[in-house]
Amino acid sequence: MITGLFGIAQPKPDTTFLKNLLKSHPELFSHILNHRTHNEVQILYTQINRDKNNVPHFTSYSYRLNANHYFYPASTVKLPTAIFALEKLNELNIPGLDTKTVMKTDSSFAGETKMIEDTSSATGLPSVENYIKKILLVSDNYAYNRLYEFVGRAEINEKLKKYNLNDTRIIGRLAIGDGGEAARHTNAIDFYKGDKLVYHQSAQYDAKDYPMHLENMIQGKGYLDSHDKLVMQPFSFVEKNVYTIEDQQMVLKRLLFPETFSKDQQYNLKPDDYKFIYHYMSMFPTENKKPTYNAPEYYPAYCKFLFYGADSLATIDPNIRIFNKVGDSYGYNIDNAYIVDFKNKVEFILTAVVQSNDDEIYNDNIYEYKTVTHPFMKNLGQVIYKYELQRKKKYLPDLSKFKFTY
């Protein structure tokens, strides 16, 4: 269900507009439209219309949106986890404990690792602030894992329910083969101001299960195991994270437009928390000084799929900023984005997933990102943007809230 002003349920999104828009550009989208699975595409596009008081009102359009049809959410789960980490600091409300406090992580269970230094930060020490920067700038996996451990699996999933994100579960870390019993355990963490311990969090264990029975959780015909051995059996996503397109957009909408939700459905964030997230969500990685991200591995349009694809040579439009979180794994590309053109007073929310894995083998790193999924994302974002450029509005938006100096 799409939520409007003050969390009031709105009608389900229109399902014909996007279908017709894709069909009107066969040169861009025929592969997707004609593919036997439509490349697992799901799209949710939300128009924003401001009233005379600049209050946003939303109208949504969807294509193949289906919360019961599984896709692997990859790094998109990092955004709610980062938000919940900031909430936890605010709820603990301990003097000296904030985003900049040094955060030293122990290893409390088999396979876990310590983190007592962070050379990417200005201080050389880890903190919630630097972890969130790394997540928002380049989607750093290990930064997410540390925040997953800080918030804790049980609390993450309690918060998801609190915010009515009922089609989502976050039950594991990324890029370390997390799962089963290991995913239930999280490390002990100590926070320091200088040499003074200001907060100790003991190792945690989450005994709860979060079963979800969705279609498409068993995929393909084979996979490479942890020893790079080919196993000719379908690949299972049954014990992996779940984060639907509708829930992703709701997380973003609640973050960007808290005033459109009732007080009990707004995040427990301070004004500076919101500004901090907006700033680093919309920053290009090469604009940041610490952590430092340089070409060729990183480039200005890095992690901005829904307008630039993965084009390292893309010309950046100086008037456009993209507040987003992407995911990229198992042949899936996902992007959850609020796209703003300050010059032309354009704003819209676009969330989409697409997959290509023609050989149906998982973990072999042979996916059609360059030829199928990245071009699709780029073309989709730009087609919607061009439509928005000519869409008439009664009141132009005041977008100053989202304008930052980088």
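Residues whose amide H falls under 5 Å from that of VAL231, counting only those 5 or more places apart or on a different chain, are TYR223, LEU224, ASP225, with hydrogens built in the peptide plane. When the charge dipole of the chain is built from unit charges on Cβ atoms (+1 for Lys and Arg, -1 for Asp and Glu) and taken about the Cα centre, the candidate among ASN68, LEU380, TYR395 whose Cα reaches farthest toward its positive end is TYR395. Would you check the accessible area of SER356, probe 1.4 Å, heavy atoms only, in square angstrom rounded to 10? Near enough 0 Å² of accessible area. Estimated purely from DSSP H runs of n ≥ 4, each contributing -39500 (n - 2.57), the mean residue ellipticity at 222 nm for the chain is -8000 deg cm²/dmol once divided by its residues. Ranking ILE171, ASN54, VAL151 by how far each Cα lies toward the positive end of the dipole of the chain (charges on Cβ) leaves ASN54 at the top.
Can you work out the FRET efficiency for the pair ALA175 and THR286, with r the C-beta to C-beta distance and R0 = 25 Å, to the nearest 0.05? It comes out at approximately 0.65.
May I ask for the net charge around LEU224, where only other residues with Cβ less than 14 Å from the Cβ of LEU224 are counted and Lys, Arg are +1 while Asp, Glu are -1?
On the way: positive: LYS221, LYS229; negative: ASP225, ASP228, ASP359, GLU360, ASP364.
Result for the local shell: -3.
Projecting the Cα atoms of TYR45, HIS31, HIS185 onto the charge dipole of the chain, computed from C-beta unit charges around the Cα centre, puts TYR45 farthest toward the positive end.
Across segment 142-159, rounded Karplus estimates of 3J(HN,Hα) from the backbone phi angles (6.51 cos²θ - 1.76 cosθ + 1.60, θ = phi - 60°) give 6, 4, 4, 4, 5, 6, 4, 5, 5, 5, x, 4, 5, 5, 4, 6, 5, 5 Hz, Gly and Pro being marked x.
Applying the Karplus relation 6.51 cos²θ - 1.76 cosθ + 1.60 with θ = phi - 60° to segment 228-244 yields 3J(HN,Hα) values of 6, 8, 6, 10, 8, 9, x, 8, 9, 9, 4, 9, 9, 4, 10, 7, 6 Hz, where x marks Gly and Pro. Normalising by residue count, the chain has a Cα convex hull of 145 Å³ per residue.
Could you order TYR299, TYR223, TYR395, TYR144 so the one with the most accessible surface comes first? Probe is 1.4 Å. Each step should come with its number before you reach the end.
Details: TYR299 30, TYR223 55, TYR395 85, TYR144 0 Å².
If we order TYR299, TYR223, TYR395, TYR144 from most to least accessible, we get TYR395, TYR223, TYR299, TYR144.
At a 10 angstrom cut-off on C-beta neighbours, averaged per residue, how do the peptides 44-52, 208-216 rank from highest to lowest? Display every interim value, and only then the final one.
Details: 44-52: 17.8, 208-216: 11.7.
Averaged packing, sorted descending, gives the order 44-52, 208-216.
Counting only Cβ charges, +1 for Lys and Arg and -1 for Asp and Glu, the dipole size of segment 213-268 around its Cα centre is about 60 debye.
Judged by the mean number of other Cβ atoms found within 10 Å, the most tightly packed of the peptides 377-386, 90-99 leads the ranking 377-386, 90-99. Computed packing ranks the peptides 250-259, 171-180, 28-37 as 250-259, 171-180, 28-37, most packed first, by mean other Cβ atoms within 10 Å. Computed log10 I(q)/I(0) for segment 285-403 at 0.15, 0.16, 0.22 Å⁻¹: -0.73, -0.82, -1.28, from the Debye equation with unit scatterers placed on every C-alpha and solvent omitted. Within the full protein context, the accessible area of PHE84 is estimated at about 0 Å² for a probe radius of 1.4 Å.
Assuming charge only on the beta carbon of Lys and Arg (+1) and of Asp and Glu (-1), the dipole of the chain about its Cα centre is about 1520 debye to the nearest 20. For the chain, the solvent-accessible area with a 1.4 angstrom probe is 43 square angstrom per residue. Computed extension length for ASN49-LEU389: 121.1 nm, one decimal, from 0.36 nm per residue of separation with the Cα-Cα distance subtracted. Taking a straight Cα-Cα cut-off under 18 Å and skipping sequence neighbours fewer than 8 places away in the same chain, the aspartates and glutamates within cross-link reach of LYS104 are GLU112, GLU117, ASP118, GLU129, ASP140, GLU149, ASP190, ASP195.
In this entry, segment 1-135 is assigned a mean projected area of 14.6 nm², taken as a quarter of its C-alpha convex hull surface.
Going down the table (LYS263/LYS394; LYS12/LYS162; LYS52/LYS78), which pairs top 30 Å between alpha carbons?
Details: LYS263/LYS394 28 Å; LYS12/LYS162 22 Å; LYS52/LYS78 35 Å.
The answer is LYS52/LYS78.
If only the Cβ of Lys and Arg carry +1 and only the Cβ of Asp and Glu carry -1, the dipole of segment 8-90 around its Cα centre is close to 60 debye.
The values are calculated or read from the model by the stated rules, or taken from the named source; none is laboratory data. What you see is a predicted model; the values in this text were computed from it and never measured. A quick note on method: Cβ atoms are made from the backbone with ideal geometry, for glycine too, and the neighbour counts reach across all protein chains shown. The protein model used for the area step is the full one, side chains on, heavy atoms only, and it has no ligands, DNA or RNA in it. Shrake-Rupley method; radii C 1.70, N 1.55, O 1.52, S 1.80 Å.
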